[in-house]
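Just below is one structure, and these are the notes that go with it.
The values are calculated or read from the model by the stated rules, or taken from the named source; none is laboratory data. Just so we're clear, the structure is a prediction, and the values are computed from it rather than from any experiment. All Cβ positions, glycine included, derive from the backbone under ideal geometry; neighbour counts span all protein chains shown.
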Amino acid sequence: MLDFLNNEIVAYVIKSGILIGALLTAFAYMTLIERRVVAKLQGRVGPNRTGPFGLFQPLADAIKMGFKEQIVPSQAKKAIYLVAPVIAVVVALCAFAVIPIGNGWLDGRQSIWDPYISDINVGLLWILAISSLSVYGIVLGGWASGNRYSLLGSLRSAAQMVSYETSLGLALSGTLMWAGTLSLVGIVHAQLNQGIWFVFAQPLGFVLYFIAAIAEVNRAPFDLPEAEQELTAGYLTEYSGLRWSLYQMAEYINMITVSAVAATLFFGGWGFLGFGLERIPGVSILIFLIKVAFFLFMFIWIRATLPRIRYDRLMRLGWTFLLPLAVLNVVITATVVAFGWPWWINGLAGLAVILAVLFYERRRNILAQTMLPDEKMALPSSVRLAKFEKVVVEQVPPMQEVKA
């Protein structure tokens, strides 16, 4: 029996099954948590009737989805239409394979039963490559639905991914320079060895990553691919029942993945500022889950707070703000690392850039408020207003009574 459990392939299969079960359970209860948190923020109650404290609400939702009618549009490309949601879920699950959720059970020695599926030396590159494939499930689903709204939503998602994927990758480059490895386990150990979380050396990189990650997972205020006031439901228009829930599952699992990456690369992963608590078996996993839960709460908080932005402003933010700032962050970090300067110089430079951008935006808003009314109404050159002549209605004089 022990020889069977010491088999590497058996360990991979068992750990993969546990991870998939944990992610699916997390997805189910994230829907409940989000509804309760948003209700609290908006002064409502939220679901609390199904089971104690509403804990059986995800089960009730799953049963309801299972009994809903599965409709396939007559104009749909049926095979691709059915496969697209599965592609989205499989890609979302695969991205989590290289994320370490805790310290090894044998401190200082690796084991095949350590709390991660695999520690490859290009772990971060694996996540970036797999996450970029997630858009295929959306694009194929929107195109195969045979619906114009679905197609427009899927094309929006593709454009959004292209716009923010580059900024996201560049934002993570700073942590790679400080860690000197692409292995996520190695990045966590680098933060423990240097005695800092990389967010202190990379404040600008973290802010850029978090903004780009929100856009990558199509969360509010960047959920333009499914903007209901413009596209009915975007790429989800022709999906219902379990197929619709598969897309929701992929979105929430992607949200968990980007939160785990943020906790690992910028906040020490399962480490706790060198206090040694991560050496206690199981405590390191708890530390990691608390950090991930914090970022998930931030996603929910932002959704309940900020309105959906216009699509042209979404593109403008990605190309004219995030990308130049990400390149600037790479240049600053490379300079500091090349000259062997301490990490706090990198951190102060990043904070200076953040404050400069905030001051510029504040100044621009003040100037916009002092503009004349005609200047405020100025439209982009691509927009033309149709002008119509004022219609003058001729008044017909009342008929005079004819005297006999």
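Quick test of your reading of the structure: Ser154 fulfils all but one of (1) under 27 Å from Ile309 (Cα atoms); (2) not in a helix (DSSP H, G or I); (3) not hydrophobic (A, V, I, L, M, F, W, C). Name the failing condition by number.
Checking Ser154 against (1) under 27 Å from Ile309 (Cα atoms); (2) not in a helix (DSSP H, G or I); (3) not hydrophobic (A, V, I, L, M, F, W, C), the one that fails is (2).
Can you find even one residue in the stretch 341-350 that is over 24 Å from Leu192 (Cα atoms) and either assigned to a helix (DSSP H, G or I) or of a type outside the set (S, T, N, Q) (or both)?
Checking the stretch 341-350: not a single residue is over 24 Å from Leu192 (Cα atoms) and either assigned to a helix (DSSP H, G or I) or of a type outside the set (S, T, N, Q) (or both).
Gly205 passes all but one of (1) crowded, with 22+ Cβ neighbours inside 10 Å; (2) within 20 Å of Ile253 (Cβ to Cβ); (3) modelled with pLDDT of 90 or more; which number fails?
(2)
State whether one or more residues within the stretch 93-106 are farther than 26 Å from Ser131 by Cβ and in contact with a helix residue (DSSP H, G or I) (Cβ under 7 Å, 6 or more places away or on another chain).
No, the stretch 93-106 contains no residue that is farther than 26 Å from Ser131 by Cβ and in contact with a helix residue (DSSP H, G or I) (Cβ under 7 Å, 6 or more places away or on another chain).
Go over the candidates Ala62, Ala84, Ala79 one by one and state the one that is more than 26 Å from Leu124 (Cβ to Cβ) and outside the structural domain of Arg279 (by TED's automatic domain parsing).
Ala62
Restricting the search to the stretch 8-47, which residues are part of a loop (DSSP other than H, G, I, E, B) and in contact (Cβ under 8 Å) with a residue 12 or more places away in the chain?
Gln42, Pro47
Would you check if there is a residue in the stretch 307-322 being more than 25 Å from the chain's Cα centre (by Cα) and among the small types (Gly, Ala, Ser)?
No, that holds for no residue.
What's the number of the condition Tyr29 fails, among (1) in contact with a Pro (Cβ under 8 Å, 6 or more places away or on another chain); (2) loosely packed, with under 11 Cβ neighbours inside 10 Å?
Just one mismatch for Tyr29, condition (2).
Give the number of residues within the stretch 252-275 that are assigned to a helix (DSSP H, G or I) and surrounded by fewer than 22 Cβ atoms within 10 Å (Cβ to Cβ). Write out each step before concluding.
Step one: of the stretch 252-275, the residues assigned to a helix (DSSP H, G or I) are 252-266.
Going one step further and asking which of them are surrounded by fewer than 22 Cβ atoms within 10 Å (Cβ to Cβ), we end up with 262.
Number satisfying all stated conditions: 1.
Inside the stretch 22-81, can you point out the residues that are touching a Phe, Trp or Tyr at 6+ places or on another chain (Cβ under 6 Å) and either among the basic types (Lys, Arg) or over 26 Å from Phe96 (Cα atoms) (or both)?
Thr50
When you look at Asp312, is it of a type in the set (Asp, Glu) and surrounded by fewer than 20 Cβ atoms within 10 Å (Cβ to Cβ), yes or no?
Against the criterion (of a type in the set (Asp, Glu) and surrounded by fewer than 20 Cβ atoms within 10 Å (Cβ to Cβ)), Asp312 qualifies.
Being modelled with pLDDT of 90 or more and surrounded by 23 or more Cβ atoms within 10 Å (Cβ to Cβ) narrows it down to one residue among Phe295, Phe288; which is it? Talk me through it step by step, then tell me what you get.
On the way: Phe295 fails: surrounded by 23 or more Cβ atoms within 10 Å (Cβ to Cβ).
Phe288 is the lone residue from the list that is modelled with pLDDT of 90 or more and surrounded by 23 or more Cβ atoms within 10 Å (Cβ to Cβ).
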